[in-house]
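Notes for the one structure printed next.
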Amino acid sequence: MPTPTSLRLTGLAERVRTRVLTGPLLPEGGQGGRYWTRLVPVLALVALLTHIPSFARPVWSPDEGFLATQARMLADGGVLYDTVVDRKPPLLPWLYQACFAVFGSASLWPLRTLAVVAHLVTAILLASIARGRWGNRAGAGAGLLYLLVSIGLSPEDTQAATFEVFMLPAMVAAFRYAERRRWLAAGIAVALCSLTKQTGGAVLLPVLWMLVQDARRRGVRWPPALFKIGFGFTLPIALVAVILTKPKGFLFWVVTGSGDYASFGGAWLQMLGRAFGNSAILAAAGLGFLLPVGRRLWLKHRHRPLPVAGEEHGSTADLWVWLLSSVVAVSMGFHFFGHYYLQLIPPLVLLGTGAVATSAIRWQPVLAYTAVAATVFWGLALAWPGEQMNRNTEVATAVAAQTTPKDTVLVWGMHPELYWLADRKPATRYLTAGFLTNYSGGKDGNQNVGEQFSVSNAWQTFDRELANGLPEVVVDDSGIAPYQPVMVPRIENLLDTHYEMVGVFADTVIYRLKH
């Protein structure tokens, strides 16, 4: 039978735990203030150092080129999800547009700077979660581990200012708010995450899981908290739909119109190779903290049963739910691009931090290995081959020479950065051939690629756009892909009837309108 002393101690422990979980997102004042004033500058320096290579190139990936071109079209009066389209939510295109309005559209350095800030905020939030669970040292370790492993993939995936980078702060904030029972704020954070990239909404699963576990532990009803999450989630999305002049277009392009693009068609062996390859690369980058996680799982399986989920504050069951939801998100669409894997890093880092902090493993070798791995990836980013970038620059220079700023251009390929590099307006709202053929760089097979697999009514819209004026230049960047002009009769007829070849750069051909 419990003694009065044990009951008082239990009550005190419960009050302390409640204060930790329901306090502000980051500790303020006192020792907590000193902790953050010391840690944040270190994290800021590491965030900048690890992502210095991002400033070394004009553009790192087609996604950056797409966003930059899209932002220029919006600045020229384009309407998102109508005359300017993409299969992504609007927050990042709007951010690009805002940066271009302030700093000009000739360089992506403002976006790269904001990407560094996004990584820093993510690291701070992870440090806050780890510190609340395992103490000061674990908090610092989690922040540093995240920043070091955040470049542990192909440089084109980690140094670019793209969707996943800007999605991560809201994703980690949603988890942190849910951990502290701030359900309305958690719902808003999930919405902001989803409005940056759809797969960010996967963090809703661990948020709901923590709600159910908290209700069971405290013996309270959960519908009021569920209402707060739902309200917080739907309110920002509803506001965005109201701001957009084409809310139906928003629904189509972001939710309902990507079925064929996200199907399991194409070269599945190549997709599996990319999935396992990127998984292996990330595992190598984070091996220092993944090995302790594996060791902990092995010991629990071999010597004692797993603890009941949520029975103690130190349980990592919520982190495993978060990781599982992120794995599902990365697998959506079966493309397995390297930058998708950035979504896995926060829960993996926290699981690794917990494994190290609650064992006899020392922090020094874990951080040392991760730092050495990060140094390798950092050097790889500086030495990364630039043949594609150099060729795109040559092609863009030739396009600019063949046109005037008033002319339009059509790039028949998957490199929309050519529009931005050439500083010429696209002749169509479809910035890649993928919209008109269902081709994707992640699925290079011939299956489900062709005119008949295009986005609904895309070719009718394309024909109307060209009827208003043919582009002065067409860049055939298809190479030997299954959407090359000989396989797409409308494009082949367009080139044969109205254009003449004026330049060849490797497998890229430039055509100019006959006058």
Relative contact order (%) - criterion: Cα under 8 Å, at least six apart; region: the chain
16
Cα-projected label distance for VAL242 with ARG34, points at 7 Å along beta-carbon direction, nm
4.8
Could you work out how far apart the two model spin labels at LEU235 and ALA284 are, taking each label as a point 7 Å from the Cα in the direction of the beta carbon, and quote it in nm?
4.7
Low-density loop positions, trypsin sites (Lys or Arg not before Pro), the stretch 354-424 - DSSP coil, at most 16 other Cβ in 10 Å
ARG362, LYS406
In Å², nearest 10: area of HIS301 left accessible to a 1.4 Å probe:
150
Scan around VAL502 for amide H atoms under 5 Å from its own, H built in the peptide plane at 1.01 Å from N, and keep only partners 5 or more places away or cross-chain.
ILE510, TYR511, ARG512
For the stretch 377-432, what % of the accessible area comes from carbon and sulfur atoms, probe 1.4 Å?
58
How large is the translational diffusion coefficient of the stretch 412-484 in µm² per second when you combine the Kirkwood radius over alpha carbon pairs with Stokes-Einstein at 37 °C and 0.692 mPa s?
255
Compute the longest continuous run of the chain that contains no exposed GluC sites (Glu not before Pro); treat a site as exposed when its DSSP state is not H, G, I, E or B and it has at most 15 other Cβ atoms within 10 Å.
29-310
Hey, what angle do you get for helix 30-50 against the long axis of the chain, alpha-carbon based, 0 to 90 degrees rounded to 10?
30
Pairs of Cα atoms under 8 Å, at least six residues apart: use those to get the relative contact order of the stretch 431-515, whole percent.
26
Show me, for the stretch 492-508, the HN-Hα J-couplings you get by feeding each phi into the Karplus relation (A = 6.51, B = -1.76, C = 1.60, θ = phi - 60°), rounded to Hz, glycine and proline as x.
4, 5, 4, 5, 5, 8, 10, 10, 10, 6, 10, x, 9, 10, 6, 9, 9
Rounded to the nearest 0.05, what FRET efficiency do ARG217 and LEU297 have when you use their Cβ-Cβ distance and R0 = 22 Å?
0.35
Using alpha-carbon pairs under 8 Å, 6+ residues apart, how would you state the relative contact order of the stretch 347-449 in percent?
17
Surface accessible to a 1.4 Å probe, LYS88 within the full protein complex, Å²
40
Near LYS248, which aspartates and glutamates are there with a Cα under 13 Å away, not counting those fewer than 8 places off in the same chain?
ASP82
Computed over the stretch 395-515, protein heavy atoms only, probe 1.4 angstrom, the accessible area per residue in square angstrom equals 43
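The values are calculated or read from the model by the stated rules, or taken from the named source; none is laboratory data. What you see is a predicted model, and the numbers here were worked out from it, not measured in a lab. Glycine gets a Cβ as well: all are built from the backbone with ideal geometry, and neighbour counts include every protein chain shown. Accessible surface areas use protein heavy atoms only, side chains included; no ligands, DNA or RNA. Shrake-Rupley method; radii C 1.70, N 1.55, O 1.52, S 1.80 Å.
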